[in-house]
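The values are calculated or read from the model by the stated rules, or taken from the named source; none is laboratory data. From a predicted model like this one, the values you see are computed outputs, not experimental measurements. No Cβ is skipped: glycine too gets one built from the backbone with ideal geometry, and neighbour counts run over all protein chains shown. For the accessible areas, the whole protein counts, side chains as well, though only heavy atoms, and no ligand, DNA or RNA atoms are used. Shrake-Rupley method; radii C 1.70, N 1.55, O 1.52, S 1.80 Å.
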Amino acid sequence: MVRRLPSWGALAGAALCYVLSFTPSLIPRAWWLQAAAGAITAAFGYGIGAFLQWLLRRCGVSVTARVRQWAWSALAVLGPLAIVFVTAWSVRWQGDLRRAVGLDPRISWWQWALVLPAALLLTALLVLVARLVRLGTRAIARQLGRVVPARTAAVGAVVLAAVLVVGLVQGFLLRGLLDAAESAAALTDRSTSPGIVRPALPTLSGSPASLESWDSLGAKGRDFIGRATTAGQVAAFSGRPAKDPVRVYVGLRSADTLAQRAQLAVAELDRTGGFARKVLVVISTTGSGWVNEQVATPPEYLYDGDSALVAMQYSYLPSWISFLTEGEAADAGAALIDAVHAHWATLPADRRPKLLVAGESLGSYATERAYPSGVGGLAGGTDGALLVGPTPDNPIRHDVTDGRDPGSPVWRPVYQDGRTVRFAQTPADLDLPGGAWTQPRIAYLQNGSDPVTWWEPALLWRRPEWLEQPRAADVSPTMRWYPLVTFWQVSCDLAAANDVPAGHGHRFGTLPVQAWARIAPPPGWTDADSERLAARLRDGG
């Protein structure tokens, strides 16, 4: 039978892990995220503590009744005291984190008071599920024990239970949730944001002259096209004559395969005259097909509208779900970039536009995967690249970071004296380390407190390099690494990565303006122009 009451080790492990979950992580947490982090880590601490106590008993380690009574008494007094004290003290930690990212350091006490009861309920639910699995495993072992030796039955029961649990989670729960999410996202993809209307300009996909129907673009594609910069906006900014920028977008409903959609994108670029513009930017989208206007718009102003942007949707699902199936993103990025590059390469060298590539978050991963030969292939196959908020799986970023120059931190690595690749969290970082930045240029925008960049399974068992000294300015000096705990803290941080001001978390504001101005500067463009454009985009202009 399953033990009616938890063991001392289980409760001690749960209390310890719960307390550690309150320690600072990358970004401030809402009360419900703290409750989730506390419950998950407490449940794992419960299991680890129970296992260690069982292991000690199996090894013949025993304690006297007096020691056992003393241990229970100490836990009964110190456990609740530690939980209450740390819950209260964590308000100060959260205030420090909020101050570091430019938020009001004050938090609501009544909301923070909900953390403990919510965490207790969720922990109890997780422990109940674990105990039911354990009870089922023992039942299987008893049935197997009737036909095979007891030890074989126990091993077989554990294996069978593991297969059943994994099958239930992956084959039923996870697959069902993904199917439900995709169905809901597909319905959302048919909607149109308020204020977005079908364009009349032939330079835009979805217009009457377009090869792509307005409906086929999807919700994010219609946003991208419907918010296109106009010649009038560019001229008002620069004071010079301007062209209407080309924007091409191919939605998921446009064709059945990635290759077909990529060829449609090339055909649209050809129809709109995109290959005859001064600059052509291939943008790898996030999971749902979203393109960040702060990344897309600057080249249109830099080149007086003599520009073309092209993007392609590969999924209905948002990035945090698409992240589970990265293969789609990698294939989509390669399909679009390869198709555009193949046509671009057939043009006379003196009549080709500058070929730039860009991607944010999962889009940066998709862009990198299109260049399997690494940073040399990326630099050799383009005239520049902007990669924003990279994921931990970005292969080129991984190689560059591992091969960084001695003494440079992992959160702002210097690679080969910054001759080709540079990392930035602020505009001033783009000028570091100070030597020549030769063309073509590759820029990474990477925040020190971005959980999207720093989350990885290795946090379970290994202290990350970004916690070494010196740390990024927005990473708390009081943050510590704890096995298991830090992994779940940063996992919960992912849910709040966009709930902080620009320059922190997964928010980059108008920094792409300065980045594009460094990557592909047009003649006569100045830092003052970048500041004016950044201010215009901040104001929604």
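Points to keep in mind about this one:
- Value of [θ]222 nm, deg cm²/dmol, for the chain, DSSP H segments ≥ 4, -39500 (n - 2.57) each, nearest 500: -15500 deg cm²/dmol
- Loop-located trypsin sites (Lys or Arg not before Pro) in the stretch 1-92 whose Cβ has at most 14 other Cβ within 10 Å (DSSP): R3, R4
- Cα-based values for the stretch 192-319, radius of gyration first and Dmax second, are 13.6, 44 Å.
- Base-10 log of normalised Debye intensity for the chain (one unit scatterer per alpha-carbon) at q = 0.12 Å⁻¹: -1.15
- Only one residue of F44, Q94, A113 has its Cα farthest out toward the positive end of the dipole of the stretch 1-139, where Lys and Arg carry +1 and Asp and Glu -1 on Cβ, and that residue is F44.
- Positive-end extreme of charge dipole, the chain - chosen from G221, A276, A65 (charges on Cβ): A65
- Nonpolar atom fraction for the chain, defined as the carbon and sulfur part of the 1.4 Å probe accessible area, stands at 63 percent.
- Using only the C-alpha atoms, the convex hull of the stretch 428-541 corresponds to 134 Å³ per residue.
- Overall, the chain carries a charge dipole of about 2460 debye about its Cα centre when +1 sits on the Cβ of Lys and Arg and -1 on the Cβ of Asp and Glu, all other atoms neutral.
- Over the chain, accessible surface divided per residue gives 46 Å², non-protein components excluded, 1.4 Å probe.
- Charges were assigned to the Cβ only: +1 to each Lys and Arg, -1 to each Asp and Glu. The resulting dipole of the stretch 448-495 about its Cα centre is roughly 200 debye.
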